[in-house]
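The values are calculated or read from the model by the stated rules, or taken from the named source; none is laboratory data. Just so it is clear, the structure is predicted and the values come from calculations on it, not from any experiment. Quick reminder, even Gly has a Cβ in these numbers, built from the backbone with ideal geometry, and neighbours come from all protein chains shown.
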Amino acid sequence: MKITDILRAEHTVFHNIFDHIERVLPKLETAGEVKSLAELMESLLRTHAKNEEDLIFAPLEQYLEQLGQGDSFEHEHREINTGLLKVKTVKKLADARKLLLSAVAASRNHFDHEERIAFPMAERVLKAKTLTDLGSEWMKRREAALK
């Protein structure tokens, strides 16, 4: 399976998680509950971002640089992570909700950016075998994480 197909599938799962967060967030009664959701989201996104950086952005680095997009995806990853980590520092429920919703929105925008720019570029400039080999590397990483 191509790495781009795998990452698009992960994005679909994340969008479902984001939908759930947006649906339950108004019902949560404590900042601690919001922090738990933020920690879960941060943990899941950490692995996803690492795989993207290693398996898509590294092979595309020179092409992304030519478009002036070289650092933008990594910057977006850091921005999302920083926002999620800020949720842990707040005391007020309203502040925690606001920060988590902001991180969800930033994540949705980032995924859209990847799906419009990085993934189509990967499918244009990388060989089909390379995309499949990168997908196989993702599978090896997943299997290792499950052990």
Residues of the range 75-91 classified as buried (at least 16 other Cβ atoms within 10 Å of the Cβ), part of a helix (DSSP H, G or I) and hydrophobic (A, V, I, L, M, F, W, C), total:
3
Residue by residue through the range 126-147, note down the ones that are basic (K, R) and free of Cβ contacts under 8 Å to residues at least 60 places away in the same chain.
K127, K129, K140, R142, K147
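Let's see how each residue does on (1) surrounded by 14 or more Cβ atoms within 10 Å (Cβ to Cβ); (2) hydrophobic (A, V, I, L, M, F, W, C); (3) without any contact (Cβ under 8 Å) to a residue 12 or more places away in the chain:
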position	(1), (2), (3)
S72	yes, no, no
L93	yes, yes, no
L101	yes, yes, no
E114	yes, no, no
R124	no, no, yes
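Among the residues that make up the range 27-37, is at least one of them part of a helix (DSSP H, G or I), closer than 16 Å to N109 by Cα and modelled with pLDDT of 95 or more?
Quick first cut of the range 27-37, residues part of a helix (DSSP H, G or I) only: 27, 31-37.
Next, only the ones that are closer than 16 Å to N109 by Cα stay: none.
No, every residue in the range 27-37 fails to be part of a helix (DSSP H, G or I), closer than 16 Å to N109 by Cα and modelled with pLDDT of 95 or more.
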Log entry, pairs with first residue in the range 47-61 being aromatic (F, W, Y), second being in a helix (DSSP H, G or I), beta carbons closer than 6 Å, six or more apart or on different chains, reads F57/F73
Do we find a residue being surrounded by 18 or more Cβ atoms within 10 Å (Cβ to Cβ), outside any helix (DSSP H, G or I) and within 19 Å of the chain's Cα centre (by Cα) anywhere in the range 1-24?
yes
Working only within the range 126-147, note down all residues that are surrounded by fewer than 12 Cβ atoms within 10 Å (Cβ to Cβ) and not in a helix (DSSP H, G or I).
K127, K147
Those residues that are more than 24 Å from E137 (Cβ to Cβ) and in a helix (DSSP H, G or I), I need them from the range 58-74; list them, please.
Q66
Does at least one position in the range 87-109 carry a residue that is within 17 Å of the chain's Cα centre (by Cα) and over 18 Å from I17 (Cα atoms)?
no
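What are the residues in the range 77-86 that are touching a Ser or Thr at 6+ places or on another chain (Cβ under 6 Å) and under 19 Å from N16 (Cα atoms), if any?
Residues of the range 77-86 touching a Ser or Thr at 6+ places or on another chain (Cβ under 6 Å): 80, 83.
Across the range 77-86, the qualifying residue is only I80.
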When you scan the range 50-65, how many residues do you find that are closer than 20 Å to S107 by Cα, crowded, with 18+ Cβ neighbours inside 10 Å and out of contact with any Lys or Arg (no Cβ under 9 Å at 6 or more places or on another chain)?
4
